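Have a look at the structure below, then the notes.
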Amino acid sequence: MSGLLDGLFNGISIGAVLLLAALGLAIVFGLMGVINMAHGELIMLGAYTTFVVQNIFKPLGAPWSDFYIFFALVAAFIVAALVGVLLERTVVRYLYGRPLETLLATWGVSLILQQFIRSVSPQFVVGVGLFCALYFGAIAIISRRPDFERIRNWAIAIMVPISVAIALTASNVLGQSFKLGFTRPWFGTQGVDVTAPKWLRGGLAIGDSQLPYTRLFIIALTIVCLLGIYWFLNKTNWGLRIRSVTQNRTMSACLGIPTQKVDAITFAIGSGLAGIAGCAVALLGSVSSNTGQAYIVDTFMVVVIGGVGKLIGSIMAAGAIGILSYVIGSNAIGPLFDSMPFVKSIFEFFATASMAKVVVFALIVVFLQFRPAGLFPQKGRTVEA
Amino acid sequence: MSYTKSSAAVESSGAIADPMLDITNLNVYYGESHILRNVDFGVASGKMVCLIGRNGVGKTTMLKTIMGLLAPRTGSIQFRGESIVRKSPDQRARLGIGYVPQGREVIPRLTIKENLLLGLEALPGKGQKKEIPEEIFELFPVLKTMLSRMGGDLSGGQQQQLAIARALMGQPKLLVLDEPTEGIQPSIILEIEAAVKRIIKERGISVLLVEQHLHFVRQADWYYAMQKGGIVASGPTRELSQEIIQEFLAV
Ligand SMILES: Nc1ncnc2c1ncn2[C@@H]1O[C@H](COP(=O)(O)OP(=O)(O)OP(=O)(O)O)[C@@H](O)[C@H]1O
Ligand SMILES: [Mg+2]
């Protein structure tokens, strides 16, 4: 009995993390149809933001350092949302309706973000900041000239090398004078660890089993996020606009809905949710620049299995995948076949995290043969739109 | 031919004293195919103008260009004295152009109420209370009884009434209707006709109508006839001759 409870709880908590990670994707992919391969890296950014917030709050002492996690949630949401909007405004916007290009471009962005986390250091920040200030400053000044359109290419051709040269020299000079303190990356390639606040350590004892508080916290967080999203989409003006634009973009525009703003807001919310998922991920274990990669495939699975554009589908799918992974990975069924050593050994063979994943993906492939549109396929004539 | 040539139409549209909408020398392409050719067109304030023509001559293309869904290659579009060629569809809607497209384009998985509330998006001031004025239900009583039904579940005629009501929610200064009676039974056509006439009378707005149904066409003050993407005849609708009707209306 307690084994069953354990299995259910662990499965649900794996599912909760998956769902939290997939929720943002369900919005960006499900509602906007954008395949954002950098979604995992937005999760990673959220996790690193949590780490940074923790380090800022640590020296502040008792009451603050205990509740840093709430500030971290807000900060992670904002950071990821801002990066998401930047991504939408500068890349994705130009690729609407071209899924393959979007996939490639956002994959490129995901690589950039990973490398950014590995190599960001004071030197790096000064270099990039200086370049941006010089280049965009110069272009802003030149663009005031009446003949800007004509000299634009020249201006860019001249300003890029000059800005690069100045930024490189300045950051190198600073690097040589301040040495390691200036050039050492903040995070580096090694993982960083977030320690859960005191009140989240330990667990709730029920019978013989122990439900860790962090897991309970994540389940609660997932529920809050779900309710929040449901409320936002169904009860607010922006939610109504988002639903309208998703279903009929041209007509929505003709009604006076600013579709570009709606796109940016939708993307911001999806990305912000990735940031919150990052917070949860950070509580579960060490965070590195590869953290996002570990989640991106699973989250896409959740959205595809659930049926694109249906939140309820994502919830069911995340729960199912979570429980399945746990049950297979922890060899919960094997012992039931004590009398059949062959069957038992098969279950034991798959009882590792990675083999469990293989089985789950195989099951997903089979499932999609029968239900290609997922658990909750969209009905009606908007499907093709 | 007895009807006026396009040069005469230019003069007559140029002679509008107080134009709500003024279009000159409009050329629109789909890729490389030339759809609208040198169109001059106008809608006077407080008047109802009807655009007639056979299937596929470019009427919908014209309305889409007015809404900003298609960009003209040349030509100017002035709305209340302001050029709107460079404005996006949502900006045009907020300037006061209400659009009821061919095929209605009701948002299918939103309720009737939500569809109607979306009409308020065209109003400039945000934050006003989100309610549906009683006037809408007086014009279209069917809608009142099914506010919580999904838009996609309505019949064609009900969807058409919803689409017009939705456009009216934004209190447009120019109401653009693309074949509002297409595929609708006669009794509902009369209802829609009466509603449009009542709106014009009560609100004093302009209406641009694309229509095949003769009775409805006759309600307009002025007509333009289109052929192969060009305006080939125009005049007051009371002078609409049997020949023109034969030639331009699929009756
Ligand atoms: N998306 C499109 N791409 C290419 N050509 C198009 C497109 N839409 C319409 N056309 C062409 O443009 C021409 C004008 O079409 P339009 O829809 O404006 O006709 P219409 O006058 O509204 O006809 P109807 O009375 O049938 O509604 C037609 O010849 C049509 O084939
Ligand atoms: Mg048409």
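The values are calculated or read from the model by the stated rules, or taken from the named source; none is laboratory data. Predicted model, so just to flag it, every value in this text is computed and none were measured. Here the Cβ is made from the backbone with ideal geometry for all residues, glycine too, and neighbour counts use every protein chain on show.
Numbers at a glance
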read-out: Residue within segment B:48-68 that is within 14 Å of chain A (Cβ to nearest Cβ), more than 16 Å from ligand 2 (Cβ to nearest atom) and either modelled with pLDDT under 90 or under 18 Å from B:ARG92 (Cα atoms) (or both) present; value: yes
read-out: Residues that are under 11 Å from the mean Cα position of the chain (by Cα), assigned to a helix (DSSP H, G or I) and away from chain A (no Cβ under 12 Å), drawn from segment B:156-182; value: B:ILE164
read-out: Positions within segment B:93-121 being of a type outside the set (Asp, Glu) and at the interface with chain A (Cβ under 8 Å from one of its Cβ atoms), in sequence order; value: B:ALA93, B:ARG94, B:TYR99, B:PRO101, B:ILE107, B:PRO108, B:ARG109, B:LEU110, B:LEU117, B:LEU118, B:GLY119
read-out: Unmet criterion (only one of (1) among the aliphatic types (A, V, I, L, M); (2) within 16 Å of ligand 2 (Cβ to nearest atom); (3) crowded, with 23+ Cβ neighbours inside 10 Å) for B:ILE97; value: (2)
read-out: Tally, over segment B:199-212, of residues that are buried (at least 21 other Cβ atoms within 10 Å of the Cβ) and either within 15 Å of ligand 2 (Cβ to nearest atom) or modelled with pLDDT under 90 (or both); value: 4
read-out: Exclusive hit being away from ligand 1 (no atom under 13 Å from the Cβ) and touching a strand residue (DSSP E or B) at 6+ places or on another chain (Cβ under 8 Å), set B:GLY68, B:GLY46, B:GLY53; value: B:GLY46
read-out: Residue check, A:LYS198 at pLDDT 90 or above and surrounded by fewer than 16 Cβ atoms within 10 Å (Cβ to Cβ); value: no
read-out: Answer residue from segment B:215-249, given it is more than 16 Å from ligand 2 (Cβ to nearest atom), of a type in the set (A, V, I, L, M) and modelled with pLDDT under 90 and is surrounded by the fewest Cβ atoms within 10 Å (Cβ to Cβ) among those; value: B:ILE245
read-out: Residue tally, condition in contact with a Pro (Cβ under 8 Å, 6 or more places away or on another chain) and under 17 Å from B:GLU138 (Cβ atoms), over segment B:170-182; value: 0
read-out: Of all residues in segment B:161-188 being on the phi < 0 side of the Ramachandran plot, charged (D, E, K, R) and within 16 Å of ligand 1 (Cβ to nearest atom), the one that is surrounded by the most Cβ atoms within 10 Å (Cβ to Cβ); value: B:ASP178
read-out: Unique match (being away from chain B (no Cβ under 14 Å) and within 16 Å of A:ALA47 (Cβ to Cβ)) among A:ILE218, A:ILE206, A:ILE223, A:ILE269; value: A:ILE218
read-out: Matching option when the condition is within 14 Å of chain B (Cβ to nearest Cβ) and modelled with pLDDT under 90, among A:LYS310, A:LYS261; value: A:LYS310
